[in-house]
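Here's the structure we're looking at; comments come further down.
The values are calculated or read from the model by the stated rules, or taken from the named source; none is laboratory data. Since this is a predicted model, take the numbers as computed values, not measurements. Cβ coordinates were reconstructed from backbone atoms using ideal geometry, including for glycine residues, and neighbour counts include every protein chain displayed. Ligands, DNA and RNA are excluded from the accessible area calculation, which covers all protein heavy atoms including side chains. Shrake-Rupley method; radii C 1.70, N 1.55, O 1.52, S 1.80 Å.
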Amino acid sequence: MIPDTTPAELEQALADAKAAAPALGAAEPAVRAGWIRTVADALDAAADELVPIAMRESSLPEARLSGEVARSTGQLRMFADVLEEGSLLEVVIDTADAQAKPVPRPDLRRVLVPLGPVLVFAASNFPFAFSVCGGDTASALAAGCPVIVKAHPGHPELSARTAEVMIAALASAGAPAGSFGLIQGFDVGVTALKDPRITAAGFTGSVPAGKALHEIAVTRPEPIPFYGELGSLNPVFVTQAAIDARGKDIATGYVGSFTLGVGQFCTKPGLLFLPDGHGLQDQLAEAVGGVAEAPMLNDRIKDGFGSGLDRLQKVDGIRVWASGSATLLQTTVSELLARRDEILEECFGPVSIVVEYNGVEELRAAVEAFEGNLTATLHAESSDTELAAELLPLLTARAGRVLWNGWPTGVAVSWAQQHGGPFPSTVGSIHTSVGVTAARRFQRPVAYQDTPDAVLPDVLKDANPSGISRRVNGTVTTGEVSR
């Protein structure tokens, strides 16, 4: 059993992170990139040791966990590449212009700088990709912030061993001591969040826990940004034309998506909207019946799923279409609108609801019933162009990622990815927790005005000794600046 972090150990971790912040933030992008690549290499090398620990603590299969390690190390290397290229710093230089109207323009040089020590609350459902070595950690380190991870109680041994690998790798690469640390224990995490040395926090978990932590973060004497991913229903809307063209594929794709990972993905499609007379009930039930039994992450999540499923099945207007290793429920739009708060509550696990609609007006009303979500999906055909043009703005207002003829499970780690949406899916919908721009959460802009070249950070100097990409007088270039 891994014990909770003691008050003395927490104080040491916070002090070390604060001490590391200046050197970590001031390190040249290429140097920071080297540190991050060393961590990625160390995690890959330790995968044969880490994956069995994760299998024992999470009940997830080896192939899934090995893929998570690769995802984690891949995103670390992605951030390293972006650091070297320079876009992560968003350097913008406007040279002085005495002829500018209506007033002369001074020399202005803007760059993103790290906020300081970041606290990351690890998730349960991705023991690598959203945990100790996950996207929040990778993006904060890339931004130049020391990171303290509050381990998830679902995989404490894995968290401790992963942290040991990462700390050793950073030390061997020459990163400042205190660049990374790990703490264990619920109360310990709350205490850390309240500490003035923490400048931002990232969280993935439930709505109640996220709201409680957010309240702590924003009511501190010095409030800090809190980036919480809380919950999402990820509705999928299907037109009659799509049913006519590929109804069977939609049925099998939907069941595969909502049962992927035993329904324990934050992007699980919780509701599927089908037109009356769709004729897919038998195919859907058959697909659900073919889902293999698999254990959930832990007893706490299993118990929570059981109570959530029981609650949903007792809602008036909800019927069971299929049950077994997964459960498929059914209702109508009119019933959903009458019991919106009861039905539109996330149930984390292998259950989803088919909602049948009668005509475009009910489809539109169904879309408008939702609050914020990570994703929203539309299955349609080219003949639906006019309808799609009406629905897409409604979906856009309610989701961070809008899919066309796809399934929301599976989140690509890329430049353009947006993993975050309006509340309650996240706290802070203007940011993403996946992809290159995730680092933006842990940076703030600073502009230097008429500052001598000799004292500017290297990335802002005329000669551009770092060789990074910069926007100079409106043009992206890696060249020198002429004053």
The condition of being part of a helix (DSSP H, G or I) and touching an Asp or Glu at 6+ places or on another chain (Cβ under 7 Å) holds, among Ala42, Ala23, Ala33, Ala17, only for Ala33
Among the residues of the range 274-315, the number that are touching a strand residue (DSSP E or B) at 6+ places or on another chain (Cβ under 9 Å) and open to solvent by 70 Å² or more (accessible area, probe 1.4 Å) is 5
Taking the range 221-273 and keeping residues open to solvent by less than 10 Å² (accessible area, probe 1.4 Å), under 16 Å from Asn125 (Cα atoms) and among the β-branched types (Val, Ile, Thr) leaves Thr267
How many residues of the range 62-100 are without any contact (Cβ under 8 Å) to a residue 12 or more places away in the chain, open to solvent by 40 Å² or more (accessible area, probe 1.4 Å) and in a loop (DSSP other than H, G, I, E, B)? The answer is 2
- [ ] Evaluate the following for Met1: is it among the hydrophobic types (A, V, I, L, M, F, W, C) and modelled with pLDDT of 95 or more?
- [x] no
Exactly one of Ala463, Ala412, Ala438, Ala454 is open to solvent by 50 Å² or more (accessible area, probe 1.4 Å) and within 12 Å of the chain's Cα centre (by Cα), and that one is Ala412
When Ile198 is run through (1) open to solvent by 10 Å² or more (accessible area, probe 1.4 Å); (2) farther than 30 Å from Gly308 by Cα; (3) part of a loop (DSSP other than H, G, I, E, B), the failure sits at (1)
Restricting the range 38-53 to residues that are open to solvent by less than 10 Å² (accessible area, probe 1.4 Å) and touching a residue at least 60 places away in the same chain (Cβ under 8 Å), the one nearest to Glu157 (Cα to Cα) turns out to be Leu50
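Being assigned to a loop (DSSP other than H, G, I, E, B), of a type in the set (Ser, Thr, Tyr), over 29 Å from Gly256 (Cα atoms) and open to solvent by 50 Å² or more (accessible area, probe 1.4 Å) is the requirement here; does Ser482 meet it? Show your work before the answer.
Details: assigned to a loop (DSSP other than H, G, I, E, B): yes; of a type in the set (Ser, Thr, Tyr): yes; over 29 Å from Gly256 (Cα atoms): yes; open to solvent by 50 Å² or more (accessible area, probe 1.4 Å): yes.
Yes; evaluated as a whole, the condition is true for this residue.
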